[in-house]
1. Got a sec? Which of 131, 109 is within 18 Å of residue 303 (Cβ to Cβ), assigned by TED's automatic domain parsing to the domain that holds residue 245 and either in contact (Cβ under 8 Å) with a residue 40 or more places away in the chain or touching a strand residue (DSSP E or B) at 6+ places or on another chain (Cβ under 6 Å) (or both)?
2. Got at least one residue in the range 134-154 being closer than 27 Å to residue 187 by Cβ, within 11 Å of the ligand (Cβ to nearest atom), assigned by TED's automatic domain parsing to the domain that holds residue 235 and part of a strand (DSSP E or B)?
3. Would you check which residues across the range 42-80 are surrounded by fewer than 20 Cβ atoms within 10 Å (Cβ to Cβ), part of a strand (DSSP E or B) and within 15 Å of the ligand (Cβ to nearest atom) and list them?
4. Quick one: in the range 112-127, which of the residues that are in a helix (DSSP H, G or I) and within 14 Å of the chain's Cα centre (by Cα) is farthest from the ligand (Cβ to nearest atom)?
5. Looking only at the range 326-341, which residues are closer than 19 Å to residue 94 by Cβ and assigned to a helix (DSSP H, G or I)?
6. When only residues in the range 81-99 that are part of a helix (DSSP H, G or I) and buried (at least 20 other Cβ atoms within 10 Å of the Cβ) count, which is farthest from the ligand (Cβ to nearest atom)?
7. Quick one: count up the residues across the range 15-36 that are under 18 Å from residue 293 (Cα atoms) and near the ligand (Cβ under 9 Å from one of its atoms).
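The values are calculated or read from the model by the stated rules, or taken from the named source; none is laboratory data. Keep in mind that what you see is a predicted model, and the values were worked out from it rather than measured. Methodologically, a virtual Cβ is constructed for each residue, glycine included, from the backbone with ideal geometry; neighbour enumeration extends over all protein chains shown.
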Ligand SMILES: NC(=O)c1ccc[n+]([C@@H]2O[C@H](COP(=O)([O-])OP(=O)(O)OC[C@H]3O[C@@H](n4cnc5c(N)ncnc54)[C@H](O)[C@@H]3O)[C@@H](O)[C@H]2O)c1
């Protein structure tokens, strides 16, 4: 299958993923920066390159489009690709507001094409193993889940400083990783309360730290912390507490820590076992292999537009709560806007 890619920084990771996949060939690339475009075209010997994404849509042979442009363009680029008859892999977050997410959901339905949201943490080896252990029942029933996205954005403003735009709430832009992770493992939260402050990146137009507290359907409670001004290396440290054990998992660590009653019985103290995992916090190749397989086998993509919208909606609930100082009922106020489309 021929592939087109829009946006060539994160899109470069997509490009490498498609090059490694035996079923795909990168035929076209797009970036508004001519130097980047030229460099990538020459480096990877790509047949077609353009600064206008609409040119890719005209090429009938292109079956898959990867959208790796800044967040504000996800809706425009995804909808255009879908309605041009292409399957779409779109970078997270799906969009920055529910209206755009809903337009993407409608375009997926209208086109009948496959759509995947690139919530890449669902492919990080440590998180994959964490979910497998939890699903096996090893740590019993979950009662508390927490994750954090701590990433100093002083060095990640984005080309043209697009991450500094006031429309880009960090709790959606980056926090969506942690929110999606706890949703994937614990299910959908029903209610949220949020708090936010703005003490680190004072020249940025948005709150730089946000915490979301959650109540889930199956009596699990949870928390997500997101900071883009913290002074520390990037981390997504996450902890899953069950009635029979606990897992501490971080996509920057070469192991996960598992504590369970099984080990407690042996030593009569809370010993952990360290389970080695490979560090691949941006396992885009696995994400692409999954998507290509789903297209070939014509199977349902788990991380579809509804999943992407649910994650954005949960993030929005926390932001609204922090802004309005009230509890937000996620299902009634947010999910109800798109689940019946
Ligand atoms: N999955 C992850 O963990 C992860 C990591 C980083 C970024 N992302 C996402 O990937 C997307 C891109 O982020 P990035 O870090 O590569 O940003 P970036 O600013 O480093 O690069 C964006 C690229 O897109 C190009 N571009 C901008 N507007 C464009 C347009 N209208 N058409 C074509 N090209 C355009 C820019 O010239 C630049 O080369 C964002 O949605 C971001 O949230 C995801």
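1. Testing whether each residue is within 18 Å of residue 303 (Cβ to Cβ), assigned by TED's automatic domain parsing to the domain that holds residue 245 and either in contact (Cβ under 8 Å) with a residue 40 or more places away in the chain or touching a strand residue (DSSP E or B) at 6+ places or on another chain (Cβ under 6 Å) (or both) leaves just 131.
2. Yes.
3. 48, 49, 50
4. 127
5. 330, 331, 333, 335, 336, 337
6. Only one residue fits best here, namely 82.
7. 0
Residue-by-condition table, conditions (1) at pLDDT below 95; (2) farther than 20 Å from residue 125 by Cα:
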| position | (1), (2) |
| --- | --- |
| 182 | no, no |
| 191 | no, yes |
| 216 | no, yes |
| 221 | no, yes |
| 228 | no, yes |
| 242 | no, yes |
| 248 | no, no |
| 259 | yes, no |
| 266 | yes, yes |
